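Engineer: Structure provided below as structure tokens; questions to follow.
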Amino acid sequence: MSKIVGSLKEAIKLSGLKNGMRISFHHHLRNGDHVINMVMDEIANMGYKELTVNSSSVFDIHIPLIDHIKNNVVTGLEVNYMGGAVGRVISSGLMEKPVDFRSHGGRPSDIESGKTPIDVAFIAAPTSDNMGNCTGKYGKSACGSLGYAFVDAMHAKKVIVITDNLVDYPLYDFSIAETYVDYVVCVDKIGDPSGIVSGTTRITRDPVGLMMAAYATKVIQQSGLLKDGFSFQTGAGGASLAVAKYLKELMLKENIKGSFGMGGITGYLVDMLESGCFATLMDVQCFDLKAVQSISNNPKHREVTASHYASPTAKSAIVDNLDVVILGATQIDTDFNVNVHTDSNGFIMGGSGGHSDTASGAKLTMIIAPLTRARLSIVVDKVLCVSTPGRTVDVLVTQRGIAVNPLRKDLKDRLIEAKLPVIDINDLKGIAEKITGIPKNINLGNKVVGNVIYRDGTIIDTIKNVK
Amino acid sequence: MKIKKVATAGTLESSDIFVQVEPNENGIELELHSIVYNQFSEEIEKTVREVLNDFDVKNIKIILNDRGAVECAIRARVETALIRAGGVEN
Amino acid sequence: MRRSMLFMPGNNAGMLLNADALGADSVILDLEDAVSPSEKDSARILVRNALKYLDYNNCEIIIRINSIDTNYWKKDLDEIIPLKPHMIMPPKISCAKDVQIIADYMKTVERRYSVEKEISIIPLIETALGVENAFEIAKSTDRVKAIFLGAEDLTADLRCKRTKKGDEIFYSRGRIVTAARAASIDAYDTPFTDVEDEEGLREDAEFAKGLGFTGKASISPRHVMTINEVFSPTVEEIEYAKEVMDIIRIAKEQGKGAISLHGKMIDAPIVERARQTLEMAKALGGV
């Protein structure tokens, strides 16, 4: 018996897809993904209309989606992150229905609860057998963890696995079990390896970034959290990674045995695991080759589902046990609200991803960012979009000072005593404005192009169109 | 100051501004491109015109390609371009 | 504090914005080697504006001007002196007369612009003749507050290869430190050549500290943190300094003229060293 179907077209027919339904994708192939475009082209050719696309993220490579939107094939979009190329067009007001932005934890929660039920899930799998046991750990298009895809497999009405590496039954080291899969389709290439994972992610060479990372490490040191059992998550961006490097040196020097590293896993976290800084890595997504190799070789490097990572409705999730998270921001206001959805002109170029989830759960949430980016201050009076509410953000670290949320007086006192450059966030804004001058306010349009759906299900902000 | 020839100053690197000046007959012609146009176009133009005024330039074509330079850098680059174009020894 | 001295290219607008936020005790805004001949005018004006409009409060500002055998150095001083940087760093200084020429011109510019402060000089010694004349250079004028060894050009002049280990500059390093201390001024060591080799940098900096250098220069911001660490007083040094100050206080109370600590006579230079160590420690928040 075999679930292999001759073509994508056939699989779509067999799935019973109808106009108006909701289809889903995961984003583990990132900017090297060919599957979303392949599937959408086929769906468009078959004449389908008015579908809702629910993809954990959408990258620049998915710009063909815009044509499908223009042709009414797609009338609804639900994502946790949207790259700038697609984002710019959405910001112009192309879609009638606003895009629903969720977080990495909110997406599985709403699928599981039936708020956004998936009719057909398309799961790009770097390796699969003929019954649909599949994984991201092996194959020419290996991507490592398939964390975001589990909810699709387990809760969609019909599940189609698309692979470019078919192996004999059974694939013993499967991530997604055959019990969830309806059809398997083999194609030549599911994606471009160089776009799927980086060869190696590098820490920043930018001296300002290194300065920020050094301060951030000192804050962690002074927080009282850096002791045996310590847990940590950091972003994949240059300065965030530098924190991992400094932390590793510190933990090895002081012989601190951490419990887990979480993320978004890069080679740096793998180094920390291998040097004994952590007992385990909980991996919802691999960013580079080293992470992909490690997850397939090291039993201490565990693949976890997005639900396990961050669902607000799971009985418990990893983010709730996280000590420290390092995050970025395009803007932060004097109430510590953070914008990661739009740039300073209001164009969509991001999304929460795990931002609001980790900020909510972590004991210490740190935003690290340069005080100014090309004449624009990162600290503003009011962010253009509230992605993560200020009450969940504890510290802002810039190269010119550290601002602590007034809600965290205990932490502020500790940092001041340690002679760190603590400064009121309003003063930090003042320093930035002295350097850049005071910018004119951006006037956005009146059309809602995006809903920012927070972990608790409420819409904490809307994104307006750019005129 | 009289603009005697075409001259440039600055670079297209982040936080810098590339300035090109040319001789002109019809007063001050200013063309501004900036990555922070929405936020600072008025400020940038004001700064540039101030420098032109300081150097008593009445006729010039000036094209600016701004990558988020702060005021003191804009002033420096415009001043440098003017001096290079005016043939004044610096 | 003079532990680290970081070179910044004078014509780079982005870097000038952050020069004082990179953790270095002193920053050298470079108008010389980091700037091509066609951009000397541009860099000069940009640095002048940076000094005029940006708030460089956290660190000492040093300007490396062009050498006296070029057409640029006087214009550099004309433009920069009115903005009152802390120090001027003239390159390729080979004798006291070189320093005098510069000091004289600085004085005329200071007068012209009614600058009351007498701006300091930190000669960059990077020739064989300069090394030999290190003491006279150090003593040439009151403006000279430190001397700085530049090994890249020096090894070219010595006709040898510049190596990481630095055997070829061993004598020069010793000479610079001795000359500086004999003239009661500070001495800076040459930058470490390999940007990527952090281990090597640490060893090189420890070696320089061991020789008596006040601090070390760097061409890469990534080296600053390590250099600061190495040239900051260690816990042992701070403890010892405290002991010295205590025992001196006791000696004074007991009316003793001379006193010893751990079998060693404590005289004025040791007390002065202890005092400086404690001052640095206090500034760093360590006491």
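Engineer: Could you tell me whether any residue of region A:218-233 is surrounded by fewer than 19 Cβ atoms within 10 Å (Cβ to Cβ), assigned by TED's automatic domain parsing to the domain that holds A:Leu371, of a type in the set (Val, Ile, Thr) and modelled with pLDDT of 95 or more?
Structural biologist: Scanning region A:218-233 turns up no residue that is surrounded by fewer than 19 Cβ atoms within 10 Å (Cβ to Cβ), assigned by TED's automatic domain parsing to the domain that holds A:Leu371, of a type in the set (Val, Ile, Thr) and modelled with pLDDT of 95 or more.
Engineer: Okay, next question. Give the residue that is nearest to the other protein chains (Cβ to nearest Cβ), with candidates limited to residues of region A:404-436 that are closer than 17 Å to A:Val325 by Cβ and in contact (Cβ under 8 Å) with a residue 24 or more places away in the chain. Even if it seems obvious, please write down each step before you answer.
Structural biologist: Of region A:404-436, the ones closer than 17 Å to A:Val325 by Cβ are A:404-405, A:407-408, A:411.
Remaining after also requiring in contact (Cβ under 8 Å) with a residue 24 or more places away in the chain: A:405, A:411.
Details: A:Asn405: 22, A:Leu411: 18 Å.
Among those that are closer than 17 Å to A:Val325 by Cβ and in contact (Cβ under 8 Å) with a residue 24 or more places away in the chain, it is A:Leu411.
Engineer: Let me ask another. Out of everything in region C:160-182 that is of a type in the set (A, V, I, L, M, F, W, C) and surrounded by fewer than 20 Cβ atoms within 10 Å (Cβ to Cβ), what residue ends up being nearest to C:Ala217 (Cα to Cα)?
Structural biologist: Taking region C:160-182 first, the residues of a type in the set (A, V, I, L, M, F, W, C) are C:160, C:169-170, C:176-177, C:179-180, C:182.
Subset that is surrounded by fewer than 20 Cβ atoms within 10 Å (Cβ to Cβ): C:160, C:170, C:182.
Details: C:Cys160: 21, C:Phe170: 17, C:Ala182: 21 Å.
That would be C:Phe170.
Engineer: On to the next question. Residue pairs, Cβ under 6 Å, 6 or more apart or interchain, first in region A:289-312 and more than 15 Å from A:Phe278 (Cα to Cα) and of a type in the set (S, T, N, Q), second modelled with pLDDT of 95 or more and in a loop (DSSP other than H, G, I, E, B). List them.
Structural biologist: The qualifying pairs are A:Ser296/A:Lys137; A:Ser307/A:Ala314; A:Ser311/A:Gly105; A:Ser311/A:Ala317.
Engineer: To continue, here is another question. Mind listing whichever residues of region A:384-393 are within 30 Å of B:Val70 (Cβ to Cβ) and either in contact with a helix residue (DSSP H, G or I) (Cβ under 9 Å, 6 or more places away or on another chain) or within 14 Å of chain C (Cβ to nearest Cβ) (or both)?
Structural biologist: Here is the first cut: in region A:384-393, the ones within 30 Å of B:Val70 (Cβ to Cβ) are A:384-388, A:390, A:393.
A:Ser387, A:Thr388, A:Gly390, A:Val393 - these are the residues of region A:384-393 that are within 30 Å of B:Val70 (Cβ to Cβ) and either in contact with a helix residue (DSSP H, G or I) (Cβ under 9 Å, 6 or more places away or on another chain) or within 14 Å of chain C (Cβ to nearest Cβ) (or both).
Engineer: How many residues are modelled with pLDDT of 95 or more and within 14 Å of chain B (Cβ to nearest Cβ) if we restrict to region C:17-33?
Structural biologist: 2
Engineer: Given the residues A:Thr365, A:Thr313, which is the only one that is part of a strand (DSSP E or B) and of a type in the set (Ser, Thr, Tyr)? Even if it seems obvious, please write down each step before you answer.
Structural biologist: On the way: A:Thr313 fails: part of a strand (DSSP E or B).
Residue meeting the stated conditions: A:Thr365.
Engineer: A further question follows. Which one of the conditions (1) basic (Lys, Arg); (2) in contact (Cβ under 8 Å) with a residue 12 or more places away in the chain; (3) over 24 Å from A:Gly209 (Cβ atoms) does C:Lys264 fail to meet, given that it meets all the rest?
Structural biologist: (2)
Engineer: So which of A:Ala142, A:Ala153, A:Ala177 is farther than 21 Å from A:Met40 by Cβ and surrounded by 18 or more Cβ atoms within 10 Å (Cβ to Cβ)?
Structural biologist: Numbers: A:Ala153 fails: farther than 21 Å from A:Met40 by Cβ; A:Ala177 fails: surrounded by 18 or more Cβ atoms within 10 Å (Cβ to Cβ).
It is A:Ala142.
Engineer: Further question: Of all residues in region A:235-291, count the ones that are more than 22 Å from A:Lys218 (Cα to Cα), aliphatic (A, V, I, L, M) and part of a strand (DSSP E or B).
Structural biologist: Number of matching residues: 5.
Engineer: Can you tell me which residue is surrounded by the most Cβ atoms within 10 Å (Cβ to Cβ) among those in region C:246-286 that are away from every other protein chain (no Cβ under 14 Å) and under 30 Å from A:Lys218 (Cα atoms)? I'd like the intermediate steps shown before the answer.
Structural biologist: First, the residues of region C:246-286 that are away from every other protein chain (no Cβ under 14 Å): C:246-279.
Now restrict to residues that are under 30 Å from A:Lys218 (Cα atoms): C:273-279.
Working: C:Arg273: 14, C:Ala274: 24, C:Arg275: 14, C:Gln276: 13, C:Thr277: 22, C:Leu278: 19, C:Glu279: 14.
Filtering region C:246-286 for residues that are away from every other protein chain (no Cβ under 14 Å) and under 30 Å from A:Lys218 (Cα atoms), the one surrounded by the most Cβ atoms within 10 Å (Cβ to Cβ) comes out as C:Ala274.
Engineer: Could you run through region A:92-117 and say how many residues are in a loop (DSSP other than H, G, I, E, B) and crowded, with 24+ Cβ neighbours inside 10 Å? Let's see the steps before the verdict.
Structural biologist: At the first step, the residues of region A:92-117 found to be in a loop (DSSP other than H, G, I, E, B) are A:92-98, A:102, A:104-105, A:114-117.
Filter once more, so that each one left must be crowded, with 24+ Cβ neighbours inside 10 Å: A:102, A:104-105.
So the answer is 3.
Engineer: Still on this model: Determine whether region C:191-205 contains at least one residue that is in contact with a strand residue (DSSP E or B) (Cβ under 9 Å, 6 or more places away or on another chain), part of a helix (DSSP H, G or I), away from chain A (no Cβ under 14 Å) and surrounded by fewer than 23 Cβ atoms within 10 Å (Cβ to Cβ).
Structural biologist: No: zero hits.
Engineer: What are the pairs with Cβ atoms under 6 angstrom where one residue, in region A:216-229, is farther than 17 Å from A:Ile416 by Cβ and the other, located anywhere, is polar (S, T, N, Q)? Sequence gap at least six, or different chains.
Structural biologist: Cβ pairs passing all conditions: A:Gly229/A:Ser259.
Engineer: Moving to a separate point now. Looking at region A:394-403, which of the residues that are assigned to a loop (DSSP other than H, G, I, E, B) and within 27 Å of the chain's Cα centre (by Cα) is farthest from the other protein chains (Cβ to nearest Cβ)?
Structural biologist: If we filter region A:394-403 for residues that are assigned to a loop (DSSP other than H, G, I, E, B), which is where we start, we get A:394, A:399-400.
Still in the running and within 27 Å of the chain's Cα centre (by Cα): A:394, A:399.
Working: A:Asp394: 22, A:Gln399: 4 Å.
Selected residue: A:Asp394.
Engineer: Would you point out the residue of region C:40-83, among those that are among the acidic types (Asp, Glu) and part of a loop (DSSP other than H, G, I, E, B), that is farthest from the other protein chains (Cβ to nearest Cβ)?
Structural biologist: Here the answer is C:Asp69.
Engineer: Next question, about the same structure. When the residues of region A:119-165 are narrowed to those that are among the hydrophobic types (A, V, I, L, M, F, W, C) and assigned to a loop (DSSP other than H, G, I, E, B), which ends up farthest from the chain's Cα centre (by Cα)?
Structural biologist: Here is the first cut: in region A:119-165, the ones among the hydrophobic types (A, V, I, L, M, F, W, C) are A:120-125, A:131, A:134, A:142-143, A:146, A:149-151, A:153-154, A:156, A:159-162.
Checking the rest, the ones that are also assigned to a loop (DSSP other than H, G, I, E, B) come to A:131, A:142-143, A:146, A:156.
Details: A:Met131: 30, A:Ala142: 18, A:Cys143: 15, A:Leu146: 13, A:Ala156: 21 Å.
Only one residue fits best here, namely A:Met131.
Engineer: Something else now. In region C:206-221, how many residues are touching a helix residue (DSSP H, G or I) at 6+ places or on another chain (Cβ under 7 Å), surrounded by fewer than 20 Cβ atoms within 10 Å (Cβ to Cβ) and either of a type in the set (D, E, K, R) or within 14 Å of another protein chain (Cβ to nearest Cβ) (or both)?
Structural biologist: Of the residues in that region, 2 qualify.
Engineer: Now for a separate question. Quick check on my filter: what residues within region A:333-354 are part of a loop (DSSP other than H, G, I, E, B), crowded, with 20+ Cβ neighbours inside 10 Å and of a type in the set (Val, Ile, Thr)?
Structural biologist: A:Val340
The values are calculated or read from the model by the stated rules, or taken from the named source; none is laboratory data. Just so we're clear, the structure is a prediction, and the values are computed from it rather than from any experiment. Quick reminder, even Gly has a Cβ in these numbers, built from the backbone with ideal geometry, and neighbours come from all protein chains shown.
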